[in-house]
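Notes follow once the structure below has been shown.
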Amino acid sequence: MNTKEIIKLGDKYLMRNYGRIPLAPVKGDGVQLWDADGKEYLDFVSGIAVNALGHSNLSVVRAIQEQALRLMHCSNLYYIEPQVQLAKMLVENSVMDKAFFCNSGAEANEAAIKLARKYAKGKHGPEKVEIITARDSVHGRTLATITATGQPKYQQGFEPLPGGFTYVPFNDLQALTEAISPKTCAVMLEPIQGEGGVNVAAKEYLDGVKKLCRKFDALLIFDEVQTGLGRTGRLFAYEHYDVKPDIITLAKALGGGFPIGAMLAGGEAADVFQPGDHASTFGGNPLACAAALATLEELIEGEVIEYTNVIGDLLYNELKKLSEKYEYVRELRGKGLLIGMELSIEGKEIVDKCQEKGLLINCVGGHVLRFIPPLIVNSIEVRRAIGILDEVMSEIKI
Ligand SMILES: *Cc1c(COP(=O)(O)O)cnc(C)c1O
């Protein structure tokens, strides 16, 4: 099928829950992507920070092929070899003690919310149920996670929402100091807000958040669904800070493109769930875990994360030059290969024109251009992307 035919069928048979761009990718290789009409793109979106190793990474492809031939699914009624290996690898490479596997970021955050409630009620009684999250956060699209998401636009029309959630401005310790209480069972934050505009948590802020959590025995949940697994130049974004969370949630990059989510917990939180408390039929199935194991091995043993810092610096410095060149750029921020360029104008025109010229980027919150290429992007690809962006930005009339 060509692009037109795919779009026509999609518009007829798919629900309209996405405002889709009229582009139909059919093949990928590394940072390259081809659409159904054979047009080539540099992919600086990476399936929304999912394809950390690029498209069709051979180690991941082989792991999936081999596991599919052996055993695809058997349920969590039994022990699953790739699942226990993946748990071991995540625990040994983090400050966490135990893992639970699911299929998405929203599910990982749901699990974290349930765990926090169970932990607090068991220890402090039925009143300790409140969860504080940040404004401009994004935690998923299930009912509990849109409620955790500190943006009304995700919630409107879906009320009644589950109770017990309150919101504070991000990076504002005073606001959290006022909001937290003995009833708080958890504080849930993204170390860098991704969808909310690439907002980086200040060091002093997270230090202060941790102290407040400890004072009230509230669990600190880091939603690392987007920042986790090398994206920020560390395996986990918490490593940029001196703060140990109680729970970390993961998804996006974990399976190298294959769907899988995880919740990691440390200390007392690791032993809260008892048999029957939580479950997922597909969660951590052999195929997903084999893909994730291959991804993690490549990230850690293939020195991809060290490389991310180098190439991230190059991209940041090149974007910095554009920031200084064009007056409508307000700020450049981010870590590793999670970079946001805040504009004083809408970003859509730039995104569309870049796409016409063969560069895929996206825009969050209306006016922040987000750059999240695969972590294996090379300097030639970075320079080509910058060339296209420069050309497009120079044509913008304000
Ligand atoms: C994408 C994202 C989610 C939701 O993940 P899904 O897999 O779409 O459910 C949750 N939190 C953060 C920080 C995300 O970026």
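Given the Cα-Cα distance of Glu239 and Arg141 and 0.36 nm per residue of separation, how much length would full extension add, in nm? Could the numbers behind the result be given before it?
On the way: separation 98, 0.36 × 98 = 35.28 nm, distance 2.72 nm.
Roughly 32.6 nm would be gained on extension.
Once both labels are modelled 7 Å past Cα along the beta-carbon direction, what's the Lys12-Lys27 spacing in nm?
Placing both labels 7 Å beyond Cα along the Cβ direction yields 2.6 nm.
Residues of region 196-229 with the amide nitrogen closer than 17 Å to a label point 7 Å from the Cα of Thr177, along Cα-to-Cβ, please.
Counting only backbone N, you get 202-216.
Treat the count of other C-beta atoms within 10 Å as a stand-in for reagent exposure and order Leu293, Leu77 from fewest to most.
The fewest-first ordering by Cβ neighbours comes to Leu77, Leu293.
Within 10 Å, count the other beta carbons around each residue, average over each peptide in 38-46, 24-32, 141-149, and list them highest first.
Values: 38-46: 20.0, 24-32: 16.9, 141-149: 21.7.
Ranking, from highest mean packing down: 141-149, 38-46, 24-32.
Mind checking which lysines have their Cα closer than 25 Å to the Cα of Lys4? Skip sequence neighbours fewer than 8 apart in that chain.
Partners within reach: Lys12, Lys27, Lys39, Lys348, Lys353, Lys357.
Could you work out how far helix 203-215 tilts from the main Cα principal axis of the chain, as a 0 to 90 degree angle to the nearest 10?
20 degrees
Mind checking the angle between helix 81-92 and the chain's longest principal axis? C-alpha axes, 0 to 90 degrees, to the nearest 10.
That works out to roughly 90 degrees.
FYI, it's all coordinate maths here, none of it is from the lab. Remember, it's a predicted structure, so these values are computed and weren't measured experimentally. Quick reminder, even Gly has a Cβ in these numbers, built from the backbone with ideal geometry, and neighbours come from all protein chains shown.
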